[in-house]
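The values are calculated or read from the model by the stated rules, or taken from the named source; none is laboratory data. Predicted model only: the values in this text are computed from it and were never measured. FYI the Cβ positions are ideal-geometry reconstructions off the backbone, even for glycines, and counts take in every protein chain you see. What goes into the accessible areas is simple: the full protein's heavy atoms, side chains included, and nothing from ligands, DNA or RNA. Shrake-Rupley method; radii C 1.70, N 1.55, O 1.52, S 1.80 Å.
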Amino acid sequence: MDLVVHAIGMDPNMDNPQIARVFGIGLEKHGFLERGEHYTSSFASTRAGIYAGGSALGPEDIDTCVSHGLAMAMRAVGDLNALAQKVA
């Protein structure tokens, strides 16, 4: 074998219910933050302008969490740019 991985379960953050209440977003049945529409709104939560990714959505490795963070930042910049274009 080249690689052996011992994976353990990951529980959602105990503060997720409070976070969901504060930001007005949903929780899925396991207690992680609920995703918005998957195909056209990557990293969107159930509330516009609030983004969720990484292990807030479910068990993920570190590399995936980092790439989700970058993608959410780019998504926020794109959404702000689109909003600025509408206003102008």
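Rank 14, 30, 74 by how far each Cα sits towards the positive end of the charge dipole of the chain (+1 on Lys, Arg Cβ; -1 on Asp, Glu Cβ) and give me just the farthest.
Highest projection toward the positive end goes to 74.
Would you please give the residues with an amide H less than 5 Å from that of residue 50, counting only those at least 5 places away or on a separate chain, with H modeled from the backbone geometry?
The list, which skips near neighbours in sequence, is 45.
I'd like the orientation of helix 62-87 relative to the chain: the angle between its Cα long axis and the longest Cα principal axis, in ° from 0 to 90, rounded to 10.
In the chain, helix 62-87 runs at an angle near 10 degrees to the longest axis.
Report the charge-dipole magnitude of the chain in Debye, nearest 20, computed about the Cα centre from +1 at each Lys and Arg Cβ and -1 at each Asp and Glu Cβ.
Numbers: 6 positive and 10 negative charges, 103 e Å.
Approximately 500 debye in magnitude.
Could you rank 45, 67 by how accessible they are, 1.4 Å probe, largest area first? Can you show the working numbers first?
Values: 45 10, 67 60 Å².
Largest accessible area first, the list is 67, 45.
Which option, (i) 48; (ii) 65; (iii) 56, is the value of percent of Cα pairs over 17 Å apart that was calculated from these coordinates?
Working out percent of Cα pairs over 17 Å apart from the coordinates points to (iii).
Given 0.36 nm per residue, what is the gain on full extension from residue 64 to residue 38 after removing their alpha carbon distance, in nm?
On the way: separation 26, 0.36 × 26 = 9.36 nm, distance 1.66 nm.
Here the answer is 7.7 nm.
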